[in-house]
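**Q** The structure is given below, and queries will be raised subsequently.
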Amino acid sequence: MTGSFEVGSVEETWGVAKRFAADLAPGDVVCLEGDLGAGKTTFTQGLAAAMGVEGHVTSPTFCLVQEHRVPGRSAAGSVPMLVHMDLYRLSGEDDVVAIGWEDYLADGAVLVVEWPDRAGALVPSGAYHVRITRMGDADESRRIDISF
């Protein structure tokens, strides 16, 4: 799924994420772009909910990586895990490899990556790019641009 979507609430953001999640396959990389507070984690929460992840999904700002098992998805060709990464505090590709980037992809995880520029050439050419932009200061209005 690609396109531009204007949303006015967390529920609408989750709705876009849910439709987007239907297209994800093992080994996909989703690059989340946007300012602090734009809604990157909110979008990830919607993805996780759509994939059946149980429990609360929070920002991995301080722990760098959060793994979320996808229940009932152990069959061949299915996504076993959603991995939410925040690369903001890393300095480059070597640091990104050190936190398991290649291992997660080899295992068929979907990587949802905040601050993907830190991964450099590790980001595959077929990665999804999700740019979230605040449209107002006081509400949940956002523009979500999804490209492939």
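The values are calculated or read from the model by the stated rules, or taken from the named source; none is laboratory data. Quick caveat, the model's predicted, so the values are computed rather than measured. Glycine gets a Cβ as well: all are built from the backbone with ideal geometry, and neighbour counts include every protein chain shown.
**Q** Counting just the residues of the stretch 41-70 that are farther than 14 Å from residue 140 by Cβ and in a helix (DSSP H, G or I), which one comes out nearest to the chain's Cα centre (by Cα)?
**A** Ranking the candidates gives 44 first.
**Q** Counting only residues that are assigned to a strand (DSSP E or B) and hydroxyl-bearing (Ser, Thr, Tyr), which one in the stretch 118-134 is surrounded by the most Cβ atoms within 10 Å (Cβ to Cβ)? Give the steps one after another, and end with the answer.
**A** If we filter the stretch 118-134 for residues that are assigned to a strand (DSSP E or B), which is where we start, we get 128-134.
Filter again for hydroxyl-bearing (Ser, Thr, Tyr), leaving 128, 133.
Numbers: 128: 19, 133: 16.
Looking at residues that are assigned to a strand (DSSP E or B) and hydroxyl-bearing (Ser, Thr, Tyr), I get 128.
**Q** Filter the stretch 97-126 down to the residues that are more than 14 Å from the chain's Cα centre (by Cα) and of a type in the set (Val, Ile, Thr) and list them by number.
**A** Across the stretch 97-126, the qualifying residues are 97, 99.
**Q** With (1) under 18 Å from residue 145 (Cβ atoms); (2) touching a Leu at 6+ places or on another chain (Cβ under 8 Å); (3) of a type in the set (D, E, K, R) as the list, and residue 93 as the residue in question, which single condition is left unmet?
**A** Among (1) under 18 Å from residue 145 (Cβ atoms); (2) touching a Leu at 6+ places or on another chain (Cβ under 8 Å); (3) of a type in the set (D, E, K, R), the lone unmet condition for residue 93 is (1).
**Q** If residue 94 passes every condition in (1) over 30 Å from residue 6 (Cα atoms); (2) touching a helix residue (DSSP H, G or I) at 6+ places or on another chain (Cβ under 8 Å) but one, which one does it miss?
**A** Of (1) over 30 Å from residue 6 (Cα atoms); (2) touching a helix residue (DSSP H, G or I) at 6+ places or on another chain (Cβ under 8 Å), only one is false for residue 94: (2).
**Q** Being assigned to a helix (DSSP H, G or I), touching a residue at least 40 places away in the same chain (Cβ under 8 Å) and under 19 Å from residue 39 (Cβ atoms) is the filter here; which residues of the stretch 96-117 pass it?
**A** 116 - this is the single residue of the stretch 96-117 that is assigned to a helix (DSSP H, G or I), touching a residue at least 40 places away in the same chain (Cβ under 8 Å) and under 19 Å from residue 39 (Cβ atoms).
**Q** Hey, residue 36 hits all of (1) within 13 Å of the chain's Cα centre (by Cα); (2) among the aliphatic types (A, V, I, L, M); (3) closer than 26 Å to residue 141 by Cβ; (4) surrounded by fewer than 17 Cβ atoms within 10 Å (Cβ to Cβ) but one; which does it fall short on?
**A** Result: residue 36 fails condition (1) only.
**Q** List every residue pair whose Cβ atoms sit under 8 Å apart, with the two residues 6 or more apart in sequence or on different chains, where the first one lies in the stretch 52-74 and is over 14 Å from residue 84 (Cα atoms) and the second, anywhere, is at pLDDT 80 or above and in a loop (DSSP other than H, G, I, E, B).
**A** Short answer, once both residue conditions are applied: 52/70; 71/52; 71/53; 71/54; 72/52; 73/51; 73/52.
**Q** Return the residue satisfying two criteria in turn: it lies in the stretch 39-59 and is among the small types (Gly, Ala, Ser) and surrounded by 20 or more Cβ atoms within 10 Å (Cβ to Cβ), and of such residues it is modelled with the lowest pLDDT.
**A** Step one: of the stretch 39-59, the residues among the small types (Gly, Ala, Ser) are 39, 46, 48-50, 52, 55, 59.
So of that shortlist, the ones also surrounded by 20 or more Cβ atoms within 10 Å (Cβ to Cβ) come out as 39, 46, 48.
Details: 39: 88, 46: 93, 48: 92.
Among them, the one singled out is 39.
**Q** Within the stretch 10-33, can you find the residues that are more than 20 Å from residue 116 (Cβ to Cβ) and surrounded by 13 or more Cβ atoms within 10 Å (Cβ to Cβ)?
**A** Keep residues of the stretch 10-33 that are more than 20 Å from residue 116 (Cβ to Cβ), which gives 10-12, 14-15, 18-19, 22.
If the condition is that a residue be more than 20 Å from residue 116 (Cβ to Cβ) and surrounded by 13 or more Cβ atoms within 10 Å (Cβ to Cβ), then 10, 12, 14, 15, 18, 19 are the ones that fit.
**Q** Output the residues belonging to the stretch 135-148 that are crowded, with 16+ Cβ neighbours inside 10 Å and either at pLDDT below 95 or among the basic types (Lys, Arg) (or both).
**A** Hits for the stretch 135-148 are 140, 142.
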